[in-house]
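Since the structure comes first, as structure tokens, the remarks are kept for the end.
Where a number appears in this text, it was derived from the coordinates with a stated rule and is not lab data. Nothing here was measured: the structure is a model prediction, and the numbers come from that model. Glycine gets a Cβ as well: all are built from the backbone with ideal geometry, and neighbour counts include every protein chain shown.
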Amino acid sequence: MCLVATWLTRAARWSGLGWLSVPAALLLLNVSLTFANIWPTPGIRLTAELSLEAWGAVLLMTLARRWFDGPWPRVASVGGGFWLALVVGRYVEVTSRALYGRDPNLYWDLRHLPSVGAMFAEVADPWLKAGVVLAAVTGPVLAYLLFRRAWITLVEAARTPRLRDGIAVVAALMVSAGLVARVGGAEVGIGVAEPVAPVFARELTELAYEASGTGLRDLGPAPRLDSDLSRLDGADVFLFFLESYGAVSWERQAFAEALAPRRAVLAADIGETGRGVVSAYVDSTTFGGESWLAHISLLSGTEVRDQSTNTRLMAQERDTMVKLFGRRGYRTTAIMPGMLVGWPEGAFYGFDRIYDHDAIDYRGPPFGWWSVNDQFALARVDEAEIAAWPRPPVFTFFATITTHAPFVPTPPFQPDWARVLSDEPYDAADLDAAWSAWPNWLDLGPSYLTAMDYAFANVGGYLRLRADRELVMVLVGDHQPPALVSGEAATWAVPVHVIADRPAVLDRLVTRHGFAEGLVPSNGVVAQMDTLLPILLDAFGDPVP
């Protein structure tokens, strides 16, 4: 191979091209489709792998240049744009897997890109924000010009028969080696990168799937949801989805040890208010993001793993956990502090009242992209819906946000819940300490632990605030934190805890559904997120004859 490369450089020099121009162009096209992610960051690193697509494109060009005479400079310009699209596809693929632990879905994910970018910009260092904006504006232009130059170099080189044949031989050898390695599984002394074209093929397939109506048919029949809720005996029910609360917080020793003191306090908060707790793991339907897929899976009892299924399902008339509680005499409310825009689809769930960002009306010190924090949101809805007595029982769904990546700034926990709603909810020193925290993008683990500590304090504090009330509280993680925190090859498991002063509910979860007594979810995965719903309904009561 080295002899062939030397021959190419000599031939390039003989043809009047720069002596390194042809090898440099070939190398550029190859590495541009073989780079890998620098885990756990959005950065990339070059690899020594081989790109079948790069060498295949070069081989096709040399063959076409031999047989056809056409507007090759224009072809090179188009080739630069086509190559830029492939490189972007490669970057999205490797970065999505590293940061979120899943393949991208460009058709649905792109609509969330502005909100995600704005969210991270809110907590990023100003110089970092400026650098990202500059790179986003100038990077694609510079990359296109670079790829265009590479293709012009190769097109010009292919005018010389000797050099064209040499390039074709090298490309043919590379393609052959790559095919032998990928198809035949043989050792060829070099790695072969995953092709990029399947990313785009997958997106086109998804579009066709949706347009054909097949996706709608694949939803299947709605599960039957029924329970008389007799074992609740009129207790208020709280369903808290704790953002980014994953199994890694228990299974990684460093995380578990760091959170142990706060969890001990939470256990005391539970026991000293006359309640018990049982725990288990369930497998979420999402990883590292897209929390709403977990929400709808549990509330509807239907497995939802992508945005297309979510959209189709919410367009249907289906029973939900919320509607069931409404039929049994509960007032149903949702706390959605992260909901910044209108949510007409929320009618699918059947809530009596949805407290979104505007309805919560937070005017205190801002914390990150949403400004509002979980403790204030809970305190506000408690004041409006829970505190009054007597009243009908309340079912409250709470999608928390403060533990969302990048996890800082984390607000101080305020033990005085009345002060949370005041004009000065925090001491100046505590507020300054929270605001001074910046995310370390190379290691978000410490920030994650701080945020989870706050989440547990918030739950325990509320249990003490409402120590005089009969309640059942279900705490469940929506998904594991992004892969840059949870690590490579992490499971999709999340903890679920049921806290209650109803022994019959807890006993049924332990004896019939594999839950373990206490806060430690030691009995392994007992259900999928969607199949957790019938388990909870069975614990809450019996089917209606």
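Per residue, the convex hull spanned by the Cα atoms of the chain amounts to 177 cubic angstrom. Summing charges over all other residues whose Cβ lies under 12 Å from the Cβ of Ala467, with Lys and Arg as +1 and Asp and Glu as -1, gives -1.
Based on Cα contacts under 8 Å between residues 6+ apart, the chain shows a relative contact order of 23 percent.
Taking Cβ atoms as reference points and 11 Å as the exclusive limit, the residues near Pro161 contribute a net charge of +4, counting Lys and Arg as +1 and Asp and Glu as -1. The residue list Leu173, Val141, Val526 was ranked by how far each Cα lies along the charge dipole of the chain toward its positive end, using unit charges on Cβ atoms, and Leu173 comes out on top. Computed about the Cα centre, the dipole magnitude for the chain is approximately 2420 debye when only Lys and Arg (+1) and Asp and Glu (-1) carry charge, each at its Cβ. Exposure proxy ranking for Thr320, Thr205, Thr41, based on other Cβ atoms within 10 angstrom of each Cβ and starting from the fewest, stands as Thr205, Thr41, Thr320. With respect to the chain, whose longest principal axis is taken over its alpha-carbon atoms, helix 161-183 is tilted by about 30°. Against the main long axis of the alpha-carbon atoms of the chain, helix 197-211 sits at an angle near 50°. Full extension of the chain between Arg353 and Ala264 yields a length gain of 28.6 nm, computed as 0.36 nm times the residue separation minus the alpha carbon distance. Exposure proxy ranking for Ser77, Ser436, based on other Cβ atoms within 10 angstrom of each Cβ and starting from the fewest, stands as Ser436, Ser77. Counting other Cβ atoms within 10 Å as a rough exposure proxy, the listed residues Ser21, Ser522 run Ser522, Ser21 from fewest neighbours to most. Using the Karplus relation 6.51 cos²θ - 1.76 cosθ + 1.60 with θ = phi - 60°, the per-residue 3J(HN,Hα) values for region 459-465 come to 5, x, x, 6, 4, 6, 4 Hz, with x marking Gly and Pro.
Here the extension length gained between Tyr209 and Arg512 equals 105.1 nm, from 0.36 nm per residue of separation less the Cα-Cα distance.
Length gained on full extension, Ala222 to Val544: 114.1 nm, using 0.36 nm per residue less the C-alpha separation.
In units of the rule-of-thumb radius 2.2 N^0.38 Å, region 216-540 shows an alpha carbon radius of gyration of 0.93.
Report, to the nearest 10°, how far helix 253-272 tilts away from the longest principal axis of the Cα atoms in the chain, using its own Cα long axis and a range of 0 to 90°. Once rounded, one gets 20 degrees. With K and R counted +1 and D and E -1, the other residues having a Cβ less than 15 Å from that of Pro71 yield a net charge of +2. Per residue of the chain, the DSSP helices (runs of n ≥ 4 H) give a summed -39500 (n - 2.57) that works out to -15500 deg cm²/dmol at 222 nm.
Dimensions of region 276-388 along the principal axes, based on C-alpha atoms and rounded to the nearest Å, stand at 38, 36, 35, largest first.
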